[in-house]
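Engineer: Sharing a structure here in structure tokens format.
The values are calculated or read from the model by the stated rules, or taken from the named source; none is laboratory data. The shown structure was predicted, so the numbers you read here are calculated from the model rather than taken from an experiment. Note that we place each Cβ from the backbone using ideal geometry, even for glycine, and neighbour counts take in every protein chain shown.
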Ligand code: ZN
């Protein structure tokens, strides 16, 4: 007997026009996106800058933030004043700014109580000789300030060759830039605080430069952690599941479905993003068709998820 209240939660994505965005989300996933360059799809989000609306079922029409506030039982009665995660697809037709994010303590103090931003990237697609920038080469605040004053950006950022399937853990304080030609599935804390270090002196449609925030960036950059050299995933695949990351805020896994896979859902909630293939998921007697580009939330106590088809997905939970 299906319990409608514990059915999977499908959401309407929120799309963002950005100076560096493209049209790949339409081509790759068939999303109905706004005109112009679209850089971000906020697929599972309750952030005030993009609060997704439930697209079908018992809670259709409600914002995710409202469900979090009024139906915390759906989220295993998890604590916190806001839904903690934000799942995005990022289409970088051009380079994103070189940027860094603060941690919780700095963001809380300097950004009106915002969360910090720990993020991680799964590379969905990239140019044949694609690159990404993670980590900085400056070893102190003074050195970084001098290099920035001299505009030695190429000497500051650490570029890494990438391939589809690579994964990067971007802790707060890590300088980074998603570079042209890259399509990424991002799992992050629900935060929209970015300190731009450098934006390639690129002009917006109205001729102005986007704001940079070097002073704040220098405050938050972690000069001690060495930059990574590769995003290759070394964790073993066990029964179709590859564990990508455990951090203070979330855990992320990559899952392959070949024919059928029963997936337990013991967490307060589970975010699922289909990144390849198609099939269906059955939960509580309800069957939902799935294809790449679909995202959903599995609520607390929804029971096992039975996936059928040939698919890959990324899932995350707190
Ligand atoms: Zn970022």
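Engineer: Got a number for residues in region 186-221 being touching a helix residue (DSSP H, G or I) at 6+ places or on another chain (Cβ under 9 Å), surrounded by fewer than 18 Cβ atoms within 10 Å (Cβ to Cβ) and closer than 19 Å to residue 111 by Cβ?
Structural biologist: Total satisfying the criteria: 2.
Engineer: Somewhere in region 118-130, is a residue within 16 Å of the ligand (Cβ to nearest atom), closer than 29 Å to residue 17 by Cβ and either part of a loop (DSSP other than H, G, I, E, B) or free of Cβ contacts under 8 Å to residues at least 24 places away in the same chain (or both)?
Structural biologist: There is at least one residue in region 118-130 that is within 16 Å of the ligand (Cβ to nearest atom), closer than 29 Å to residue 17 by Cβ and either part of a loop (DSSP other than H, G, I, E, B) or free of Cβ contacts under 8 Å to residues at least 24 places away in the same chain (or both).
Engineer: For residue 250, state whether it is under 26 Å from residue 83 (Cβ atoms), in contact with a helix residue (DSSP H, G or I) (Cβ under 7 Å, 6 or more places away or on another chain) and at pLDDT 95 or above.
Structural biologist: no
Engineer: Let me ask something additional. Restricting attention to region 73-96, which residues are part of a loop (DSSP other than H, G, I, E, B), more than 16 Å from the ligand (Cβ to nearest atom) and crowded, with 20+ Cβ neighbours inside 10 Å?
Structural biologist: So the first thing to find is which residues in region 73-96 are part of a loop (DSSP other than H, G, I, E, B), and the list is 76-84, 93-96.
If we keep only those that are more than 16 Å from the ligand (Cβ to nearest atom) as well, we get 76-84, 93.
Once the filter is applied, which keeps residues that are part of a loop (DSSP other than H, G, I, E, B), more than 16 Å from the ligand (Cβ to nearest atom) and crowded, with 20+ Cβ neighbours inside 10 Å, region 73-96 yields 83, 84.
Engineer: Any residue that is assigned by TED's automatic domain parsing to the domain that holds residue 192, outside any strand (DSSP E or B), surrounded by fewer than 21 Cβ atoms within 10 Å (Cβ to Cβ) and away from the ligand (no atom under 16 Å from the Cβ) - is there at least one of those in region 97-104?
Structural biologist: No, region 97-104 contains no residue that is assigned by TED's automatic domain parsing to the domain that holds residue 192, outside any strand (DSSP E or B), surrounded by fewer than 21 Cβ atoms within 10 Å (Cβ to Cβ) and away from the ligand (no atom under 16 Å from the Cβ).
Engineer: Would you tally the residues in region 70-103 being more than 21 Å from residue 266 (Cα to Cα) and free of Cβ contacts under 8 Å to residues at least 60 places away in the same chain?
Structural biologist: 2
Engineer: Kindly establish whether residue 80 is over 20 Å from residue 132 (Cβ atoms) and under 21 Å from the mean Cα position of the chain (by Cα).
Structural biologist: In short, yes.
Engineer: Where in region 132-235 are there helices (runs of 4 or more DSSP H), lying fully within it, with 3 or more residues that are in contact (Cβ under 8 Å) with a residue 24 or more places away in the chain? Steps first, answer last, please.
Structural biologist: Working: elements: 141-149, 153-156, 214-220.
Of the helices (runs of 4 or more DSSP H) lying wholly inside region 132-235, those with at least 3 residues that are in contact (Cβ under 8 Å) with a residue 24 or more places away in the chain span 141-149, 214-220.
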